[in-house]
């Protein structure tokens, strides 16, 4: 079966998340995908186009699609709960495990601009959730950053503590996080 453009893009995104954009090598991806370099050049002008497309996929699926889906939930506390639950569920958010790695690679000039844009969108959406709950703007901003840190921390701790990943543990983590984040001072 012939590889699709999306197969290359998803493989590149995984490579970026695991090793950084500098390590996205056409030959390595071709071997991994069981393809030839010719297949790559059929779909892309060059490696830079592939990296750009991989980061665009990450931004679209891991940020824009989430904001669209959960922005429609009218109750802000329920919106936050559903968002956090979906974001921390590997089945709903295939990019979650890559987020911590990609964001840690923020010094990489190839991805820094995308990371800055993604973080601004995500934190801005969370901030809006807290403002909709009635928190003042400055406090909403702080709570949004804390909520985002909780999400990143979930994926950051997984390699060191696999026992935290079972659904029951994840549900408890999510419930306590939402309770703490939405509790008035």
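The values are calculated or read from the model by the stated rules, or taken from the named source; none is laboratory data. Treat the numbers as computed from the prediction; the structure is a model and nothing was measured. So basically every Cβ, Gly included, is an ideal-geometry build from the backbone, and we count neighbours across all protein chains shown.
Rundown of residues vs (1) surrounded by fewer than 18 Cβ atoms within 10 Å (Cβ to Cβ); (2) under 22 Å from residue 156 (Cβ atoms), yes/no style:
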| residue | (1), (2) |
| --- | --- |
| 100 | no, yes |
| 113 | yes, no |
| 123 | yes, yes |
| 128 | yes, no |
| 136 | yes, no |
| 140 | no, no |
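Looking at the structure I just gave you, is residue 49 free of Cβ contacts under 8 Å to residues at least 12 places away in the same chain, part of a helix (DSSP H, G or I) and either more than 14 Å from residue 118 (Cα to Cα) or touching a strand residue (DSSP E or B) at 6+ places or on another chain (Cβ under 7 Å) (or both)? Let's see the steps before the verdict.
Values: free of Cβ contacts under 8 Å to residues at least 12 places away in the same chain: yes; part of a helix (DSSP H, G or I): yes; either more than 14 Å from residue 118 (Cα to Cα) or touching a strand residue (DSSP E or B) at 6+ places or on another chain (Cβ under 7 Å) (or both): yes.
Answer is yes for this residue.
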Could you count how many residues in region 107-124 are under 14 Å from the mean Cα position of the chain (by Cα) and closer than 15 Å to residue 80 by Cα?
3
Yes or no: residue 65 at pLDDT below 95, under 30 Å from residue 173 (Cα atoms) and exposed (fewer than 14 other Cβ atoms within 10 Å of the Cβ)?
yes
